[in-house]
Amino acid sequence: MKKIPRIILGFLLILIFLCLVNISLGSVAIPLNDIFKAVFTGQSSNETWTYIVLNYRLPKAITAIVIGSGLGISGLLMQTFFRNPLAGPYVLGLSSGAGLGVALLIMGSGLFGIGFSGSVWFSKTALILASSLGSVLVMIAILLTSAKIKDSMALLIIGLMFASLTGAVVNVLSYFSTSDELQQFVFWSLGSLGDLSWVEVSILSVFWLIGLLLCLFLVKPLDALLIGESYAKSLGVNIRSLRYATVITTCLLTGSITAFAGPIAFVGLAIPHLIRLVFKTNKHLIMLPAVSIGGAMVMLICDSISQSPGLDNTIPINAVTSLFGAPIVIWLIMRSRQLNF
């Protein structure tokens, strides 16, 4: 336990280093001292370099930190709430709901002869709104269902059914859509960190901060829930209130991330397991900050890989998170022979 503050401090130093590495990478080579000047003073020896750093690379790095942190926390909440190591932030169907909203906008509008066109700003804003609306509608359905269902595992299965249902509708829309519409939807589903302006990063960060604040009230109830629902009830934990709070927090974090960056695989599911292997504990007072920092670190690494020097094109971030992360998780499971939970 005495080593934990030092490990978390080490994580923070690594996070700062990874952030600087991430900002230094890109198609335009910028000297490191000019990057420091641009970040800390808003000026450098070249105005173009300053513009690139302040308006593209820095917001993208912050987006990676917020998304990695938010998905890691969401995964931890879901795994504790369902007491299932395979639970992740998307088991409630939020990603599928967001995908359905975007699919209806892109492919459904063309199918009904409305057409999805306009300026780049309009298209981007419309995609965010459609994705947010899809996630919110699924969230409302889950909250209404959770009011009727007492069993957490039943709620998990219902969330998977929501995902299956929305996925089926997307498949039908894909079958009848044109190749251009299908390509546009596929691009959204691959995820992206680099398309957000400072305003959009600020909005996403507000949702992330609200999610973090809500998590502070869940530390003790979730620790009690790890022992079992009966034990948690004996300590005075209101399971129904805890369920609402956990679902709302996860929906806020996951829904906003999916709306602004598209669905991002692996991070939410795997990060809590990786952090448990390092810290050897399930206490949420330790796990929440550790998972938050760890998720941000992994997201920065994945984004750095996606734009590695020597590559003519950027690799989709959603593919990198799976290609980079899945083998590591498999290796860790084979090494420890089980998932600690």
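The values are calculated or read from the model by the stated rules, or taken from the named source; none is laboratory data. Computed from a prediction, not measured in an experiment: that's the story for all the values here. Using ideal geometry, Cβ is built from the backbone for each residue, glycine included, and neighbour counts are taken over all protein chains shown. The accessibility values were calculated without ligands, DNA or RNA, using every heavy atom of the protein model including side chains. Shrake-Rupley method; radii C 1.70, N 1.55, O 1.52, S 1.80 Å.
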Are any of the residues in segment 76-90 within 10 Å of the chain's Cα centre (by Cα), within 30 Å of residue 226 (Cβ to Cβ) and open to solvent by 20 Å² or more (accessible area, probe 1.4 Å)?
yes
How many residues, within segment 162-184, are under 14 Å from residue 100 (Cβ atoms) and part of a helix (DSSP H, G or I)?
13
Residue 16 being hydrophobic (A, V, I, L, M, F, W, C), within 21 Å of residue 303 (Cβ to Cβ) and crowded, with 20+ Cβ neighbours inside 10 Å:
no
Quick one: how many residues across segment 259-271 are open to solvent by less than 10 Å² (accessible area, probe 1.4 Å) and touching a Phe, Trp or Tyr at 6+ places or on another chain (Cβ under 8 Å)?
2
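Given 179, 197, which one is without any contact (Cβ under 8 Å) to a residue 24 or more places away in the chain and farther than 18 Å from residue 255 by Cα?
Among 179, 197, only 179 is without any contact (Cβ under 8 Å) to a residue 24 or more places away in the chain and farther than 18 Å from residue 255 by Cα.
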In segment 1-25, residues that are in a loop (DSSP other than H, G, I, E, B) and in contact with a Pro (Cβ under 9 Å, 6 or more places away or on another chain) total 1
Out of 157, 203, 149, which single residue is under 24 Å from residue 96 (Cβ atoms), touching a Leu at 6+ places or on another chain (Cβ under 7 Å) and either of a type in the set (S, T, N, Q) or surrounded by fewer than 18 Cβ atoms within 10 Å (Cβ to Cβ) (or both)?
149
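Listed here are the residues, each with its yes/no results for (1) open to solvent by 10 Å² or more (accessible area, probe 1.4 Å); (2) at pLDDT below 80; (3) of a type in the set (Phe, Trp, Tyr).
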| residue | (1), (2), (3) |
| --- | --- |
| 22 | no, no, no |
| 30 | yes, no, no |
| 53 | no, no, no |
| 114 | yes, yes, no |
Is it true that some residue in segment 226-249 is closer than 17 Å to residue 11 by Cβ, modelled with pLDDT under 90 and part of a loop (DSSP other than H, G, I, E, B)?
no
Being under 29 Å from residue 242 (Cβ atoms) and aliphatic (A, V, I, L, M) is the filter; apply it to segment 160-191 and report the residue that is surrounded by the fewest Cβ atoms within 10 Å (Cβ to Cβ).
161
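Select, from 304, 292, 336, the only residue that is over 30 Å from residue 126 (Cβ atoms) and at pLDDT below 85.
Of the residues listed, the single one that is over 30 Å from residue 126 (Cβ atoms) and at pLDDT below 85 is 336.
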